[in-house]
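J.: Dumping the structure here so I can ask a few things about it.
Nothing in this text is a laboratory measurement; each read-out follows from the coordinates by a stated rule. Quick caveat, the model's predicted, so the values are computed rather than measured. Glycine also receives a Cβ, built like all others from the backbone with ideal geometry; neighbour counts cover every protein chain displayed.
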Amino acid sequence: MEQTRYTTPAILIHWVMAALIIVAWTIGTLAVDMPLGPDRIVSFSWHKWIGITVLFLVLLRIVWRLTHRVPELNIAMPKWQERTMAFTHWALYILMFSIPVVGWLMSSAHGYTVNYFGLFELPDLVSKDKVLGEQLEDLHALLADGLMILVGLHVLAALKHQFIDKDGLLSRMSFHKSSNKKGAI
Amino acid sequence: MSRSSKALAVLSASLILGGIIPAVNAAEFSAIDAAKSKITFTTKLMGSNLNGGFSKFSGKVDFNPDQPEKAKANLVIEIASFNAGGDDLQEEARGKDWFNTKSFPTANFVSDSVKNLGNNRLEIAGKLSIKGKAMPLTMAVTYQVQGKQVIFDSSFQLLRLDYGLGAGNWADTSAVANEVPVKVHLVLNSN
């Protein structure tokens, strides 16, 4: 069955954010084990610049989501799957928002002002506090790993629909119309 | 006032007017008020300013507002009192690539000459030694006499690589800027 696509800006923002989140998570995971040196400083700067971009984009995206109707889902699936889908989507939004905010808070608490691509500094959200900084750091890592688990679930679900159910679900988020219509009811 | 002390006052007044002894208000200032004085700097990491300072310093300063050009300064800064960023950064700053505090525990500024520019402004030239490297330094300084205190303020810029600060891969100035703005706020008490 032909699936109604999301609007082009929504599709674009979805894939751009997907790429940015994977890159930011990878840099963060690698840099945290680097010794203090220029490489670590450069890596975390890029990590923060990408993270702040994600924060800005997710705000745009939440505004889009609250002001637009999601295209109708022309797929019959069990109620629990629909509920899991809705839960996963909102959990993703909440994490995409809260992880950069916690990261920003953590950077402020560690005494490092966040800037944006070296162009301008962002305000410090809290004053320097070592203990708070360490707590926020743990929370940032925990939420980020939680996000990656949900992303994994999200991807597996999309792949299941694409290759097992063959219901064209992925075409909702694709730039091209799906040729995968066979399995649709 | 007794007759003898009156005579003494007249005598000392004539001596002052005659220029034999300096006027009383020409107080000498030399005691550094450590609690009120500050040496701070800003380092730029990938576009973010990181403020820091040295909380321990001492030295000898002689200053007479009537003869500012005769002022002399010899400041000793304890590098281990470096304070900026987190614990890991402070430890790194004390290490070999940066200040190497084991071999060079102090930095030192010695004035050579003082120019009186008028309007409470001075130009102090001297030598600043950090990590065993002495470099000439000229500072624009403003001062204000407030009762028993004189307050000096100066802002200048150092280039960290001039002093070999940040060796090895730290020499990369795109991660840590070479330019380091420094601010000195020095409060002296009268003797």
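J.: Please compute the contact order of the range B:27-190 in relative form: average sequence separation of alpha-carbon pairs under 8 Å and at least six residues apart, divided by the residue count, as a percent.
T.: This gives 26 percent for the range B:27-190.
J.: How far is the Cα center of the range A:32-66 from the Cα center of the range B:27-41, in Å?
T.: Value for the Cα centre distance between the two parts: 42 Å.
J.: Between A:Gly152, A:Gly168, A:Gly37, find the one with the highest GNM mean-square fluctuation for chain A; connect C-alpha pairs within less than 10 Å.
T.: For chain A, modelled as a Gaussian network with Cα springs under 10 Å, the answer is A:Gly37.
J.: Now a separate question. In 5 Å bins starting at zero, report the fraction of Cα pairs in chain A per bin as a rounded %.
T.: 1, 7, 14, 19, 18, 13, 10, 8, 6, 4, 1, 0
J.: While we're on this one: For the pair B:Phe156/A:Leu36, report the inter-label distance in nm, with labels modelled 7 Å from Cα in the Cβ direction.
T.: 2.8
J.: Another question about this same structure. Rounded to two decimals, what ratio of Rg to Rh does the range A:67-144 give with C-alpha atoms and a Kirkwood Rh?
T.: 1.20
J.: When you take every Cα atom in chain B, what is the radius of gyration, and what is Dmax, the widest Cα pair distance, in Å?
T.: 20.8, 78
J.: Charges on Cβ only, +1 for Lys and Arg, -1 for Asp and Glu, centred on the Cα centroid of chain B; of B:Gly164, B:Gln146, B:Ala93, which one is farthest towards the dipole's positive end?
T.: Of the options given, the answer is B:Gln146.
J.: Return, for the Cα atoms of the range B:114-191, the radius of gyration and Dmax in Å, separated by a comma.
T.: Cα-based Rg and Dmax for the range B:114-191 come out at 15.8, 50 Å.
J.: Determine the alpha carbon to alpha carbon distance for each of B:Lys56/B:Lys127; A:Lys48/B:Lys127; A:Lys48/A:Lys79 and list only those over 29 Å. Working shown, then result.
T.: On the way: B:Lys56/B:Lys127 19 Å; A:Lys48/B:Lys127 40 Å; A:Lys48/A:Lys79 39 Å.
Checking Cα-Cα distances, A:Lys48/B:Lys127; A:Lys48/A:Lys79 exceed 29 Å.
J.: For the range B:72-111, count all C-alpha to C-alpha pairs, find those more than 14 Å apart, and express that count as a whole percent of the total. Mind dumping the intermediate values first?
T.: Numbers: 371 of 780 pairs.
I get 48 percent for the Cα pairs in the range B:72-111 exceeding 14 Å.
J.: Now for a separate question. For chain B, find the longest principal axis of its Cα atoms and tell me its angle to the long axis of helix B:3-17, 0 to 90°, nearest 10.
T.: 60
J.: I would also like to ask the following. Using only the alpha-carbon atoms of the protein assembly as shown as identical scatterers, what base-10 log of I(q)/I(0) does the Debye formula give at q = 0.08, 0.09, 0.13, 0.14 Å⁻¹?
T.: -0.62, -0.70, -1.05, -1.15
J.: What FRET efficiency comes out for A:Val16 versus B:Glu78 if R0 is 30 angstrom and r is the Cβ-Cβ distance? Round to the nearest 0.05. Each step should come with its number before you reach the end.
T.: Working: r = 51 Å, r/R0 = 1.68.
Step by step, r from the Cβ atoms, then E = 0.05.
J.: Using only Cα atoms, locate the centre of the range A:109-177 and the centre of the range B:72-132, then give the distance between them in Å, rounded to an integer.
T.: 43
J.: Placing +1 at every Lys and Arg Cβ and -1 at every Asp and Glu Cβ, with all other atoms neutral, what dipole size does the range A:8-173 have around its Cα centre, in debye to the nearest 20?
T.: Working: 12 positive and 13 negative charges, 114 e Å.
For this selection, approximately 540 debye.
J.: Still on this model: Put +1 on the Cβ of every Lys and Arg and -1 on every Asp and Glu Cβ in the range B:27-190; which of B:Ile32, B:Val176, B:Phe57 then has its Cα farthest towards the positive end of the dipole?
T.: Checked the options; the winner is B:Ile32.
J.: Any idea which of A:Trp49, A:Leu105, A:His154 is furthest toward the positive side of the dipole for the range A:8-173, if Lys and Arg beta-carbons carry +1 and Asp and Glu beta-carbons -1?
T.: It is A:His154, whose Cα lies furthest towards the positive end.
J.: Turning to a different aspect of this structure: How about the range A:66-156: which trypsin sites (Lys or Arg not before Pro) there lie in a loop by DSSP and see at most 11 other Cβ atoms within 10 Å?
T.: A:Arg69
J.: In percent, how large is the relative contact order of the range B:96-177, given Cα pairs closer than 8 Å and 6 or more residues apart?
T.: On the way: 126 pairs, mean separation 20.6, N = 82.
The value is 25 percent.
J.: Give the relative contact order (percent, whole number) for the range A:52-164; include only Cα pairs under 8 Å separated by 6+ residues.
T.: Relative contact order here is 25 percent.
J.: Using the crude model of +1 on Lys and Arg Cβ and -1 on Asp and Glu Cβ, and no other charge, please compute the dipole size for the range A:65-126 relative to its Cα centre, in debye to 20.
T.: About 320 debye.
J.: Sticking with the crude label model, points 7 Å out along Cα→Cβ, report the distance from A:Val63 to B:Arg121 in nm, one decimal please.
T.: Roughly 4.8 nm, to one decimal.
J.: Using DSSP loop states and a limit of at most 16 other Cβ atoms within 10 Å to flag chymotrypsin sites (Phe, Trp or Tyr not before Pro), what is the longest stretch of chain A containing no flagged site?
T.: Value returned for the longest uninterrupted segment is A:1-116.
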